[in-house]
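K.L.:
Below is a structure I'd like to ask you about.
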Amino acid sequence: MRSPSNGRPPSTGGGAAPAPDDDFAFYYSFLQDAAADAPPSPLALDDPTSAVGAMTNGRRRKPRGPDGGDGEGAGAAKKDGKKRSIARILTSLAALEAEEHADRAGAADASRRELALLESNADTRSHAMMDYYAKMEGSFDTAADADAAARSKRSRLAASAATAAVVSAEDSAAASASPTRAVVAAGGGHHQRRLWVKDRSRDWWDKCSSPDYPEEDFRRAFRMGRETFDMICDALGSAVAKEDTMLRAAIPVRQRVAVCIWRLATGEPLRLVSKRFGLGISTCHKLVLEVCAAIKTVLMPRFLQWPDDAAAPRFKEGFERSSGVPGVIGAMYTTHIPIIAPKISVAAYFNRRHTERNQKTSYSITLQGVVGPDGAFTDVCIGWPGSMPDDQVLEKSMLHQRAAAGMMRDSWLVGGASYPLMDWVLVPYTHPNLTWTQHAFNEKVGELRRVAVEAFARLKARWACLQKRTEVKLQDLPVVLGACCVLHNICELRGEEVDPAIRCELVDDETTPENPVRSEAAKRARDGIAHNLLHRGFAGTTFF
């Protein structure tokens, strides 16, 4: 009989404890119901003593004792069998539950893998579509740019054709109206400026180039007369002339040369030169470099050269007539040209003496020159850094190499105290406590050296670009300075005077070389010259 709903057997009254056999009535009923629902276990079926086997047979089996009765041994065996049956059932249930959990975990993993695969496929398709759309857009942009470029090119060609047609029509009309005017236009006259060329005023240059322009004003502007200017233009015509083009007329030779000479003479900034001549700034800068290069190529071999065997005696005679010193072929001097601080080797171009005197950082390059008795240059050495002393500049010049090869035999170059005494360089005495003879010699050497100093002063006065820092690059500066020396010689040989209002005073500092006497033979020769000057009456009395 089943227990009541509370799961416990009815009480027998009197508060007595229930019988031992009735303690497991509930468990037996539970196990019997579970065995009916679950499949039988093989172990339980084989064991006739197990509770499962008993439930399968539909009845309860009670173990009996060895004597066939119900005793205490039978009760203990009965309890042990029940416990083992319960343990087997619980183990089976735990195994079923673990298997169910494993199945659920496997299904979840499979679902996650499938979901990740789907997401990866979706991302791949999305990227592929984006790349496809980007390529399509790029191809459309390229096609649009090509179409726009083609339309622009067609427009330019059409405009050029229309311009050419208009010009042709104008030239035809001019030819029919005046044949002479058409020839002038075709032969290099002033073509009409095109729309894409900026129209600048050339009134100042047109007025200067006019024959009615006063000669004094022209000389003041270009540091030379009109005849000298025309000679230079004729000499440089083939080197600087340009051909006319369909788009514009070439700049005339006279205007090209005028731009260069005006820039060298005044040192004006290129923007002011551009406004004065009606040209672009870059065009003016290009013209200055081109004309200077042409002067170096065409005019320097004619107007700046060392005296040959025929001219050397005339040079020596001219110096001896003015000073009494025999064998002098030239006077030597070195000046400094201010420059903008270079980008490389800045310390080498730093001029310490000018910086200390002017209280302003100065950079310079050197210009060494040899001058004849007429004040014209016969040799120049340009471009060594300003920190280099005069004796080192002389050693690195081509003049020193030619002298070492024997070119200066039986000839003297007179220099200042910054040069050493050598077999071909004559310098004044520099030690203290000089004798009358040595004082007289220094006076005559100073007169010879003054020829070079005054020539350099006129050079810087004519070409004011040498007095200030120029806009020319360092690598182009030797060509510009060489052109200034050549133009100076042309002016000196043609008698072009320097206006006293623009005279320039030199401020170069002399340095004493480390070894002032480098030849004992030259020392004896200098003593002999000093002795002859005093006893022949050539020595002055200003040293008293």
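The values are calculated or read from the model by the stated rules, or taken from the named source; none is laboratory data. All values derive from a computational prediction rather than experimental measurement. Note that we place each Cβ from the backbone using ideal geometry, even for glycine, and neighbour counts take in every protein chain shown. SASA here: full protein model, heavy atoms, side chains in, ligands and nucleic acids out. Shrake-Rupley method; radii C 1.70, N 1.55, O 1.52, S 1.80 Å.
K.L.:
Probe 1.4 Å, all protein chains in place: accessible area of residue 479 in Å², nearest 10?
P.N.:
40
K.L.:
Using a 1.4 Å probe, what is the accessible area per residue for region 402-544, in Å²?
P.N.:
Values: 7010 Å² over 143 residues.
Computed with neighbouring chains in place, this is 49 Å² per residue.
K.L.:
Same structure, new question: List, in the order given, every pair from 286/396; 396/523; 360/468; 316/444; 296/460; 242/286 whose Cα-Cα distance in the structure shown is over 20 Å.
P.N.:
Working: 286/396 31 Å; 396/523 23 Å; 360/468 13 Å; 316/444 15 Å; 296/460 18 Å; 242/286 13 Å.
Among 286/396; 396/523; 360/468; 316/444; 296/460; 242/286, the Cα-Cα distance tops 20 Å for 286/396; 396/523.
K.L.:
Can I ask one more? Quick one: with all protein chains in place, what share of the accessible area of region 360-412 is carbon or sulfur, to the nearest percent (1.4 Å probe)? Can you show the working numbers first?
P.N.:
On the way: 990 of 2060 Å².
Looking at region 360-412 in its full context, I get 48 percent from C and S.
K.L.:
Can you list the lysines whose alpha carbon is less than 25 Å from that of residue 79, not counting same-chain residues fewer than 8 positions off?
P.N.:
Here the lysines satisfying the reach criterion relative to residue 79 are 62.
K.L.:
For region 298-433, report the translational diffusion coefficient in µm²/s to the nearest whole number, using Stokes-Einstein at 20 °C, 1.002 mPa s, and a Kirkwood Rh over Cα pairs.
P.N.:
On the way: Rh = 16.3 Å.
Calculated translational D: 131 µm²/s.
K.L.:
Over region 284-331, with every protein chain in place, what whole percent of the accessible area is carbon and sulfur at 1.4 Å, could you tell me?
P.N.:
Details: 1220 of 2260 Å².
So the carbon and sulfur contribution to the accessible surface is 54 percent.
K.L.:
While we're here: Starting with the highest mean, order 336-344, 393-401, 457-465, 211-219 by the number of other Cβ atoms within 10 Å, averaged over the residues of each peptide.
P.N.:
Numbers: 336-344: 14.9, 393-401: 17.7, 457-465: 21.8, 211-219: 10.8.
Descending packing order for the listed peptides: 457-465, 393-401, 336-344, 211-219.
K.L.:
Modelled label-to-label distance, residue 245 and residue 113, 7 Å Cα→beta-carbon offset: nm?
P.N.:
7.6
K.L.:
Quick one: with all protein chains in place, what share of the accessible area of region 460-543 is carbon or sulfur, to the nearest percent (1.4 Å probe)? Before the final figure, lay out the partial values.
P.N.:
On the way: 2140 of 4520 Å².
C and S fraction of accessible area: 47 percent.
K.L.:
Additional query: For residue 363, which sequence-distant residues (separation of 5 or more, or a different chain) have an amide H within less than 5 Å of its own amide H, given hydrogens modelled in the peptide plane?
P.N.:
339, 351
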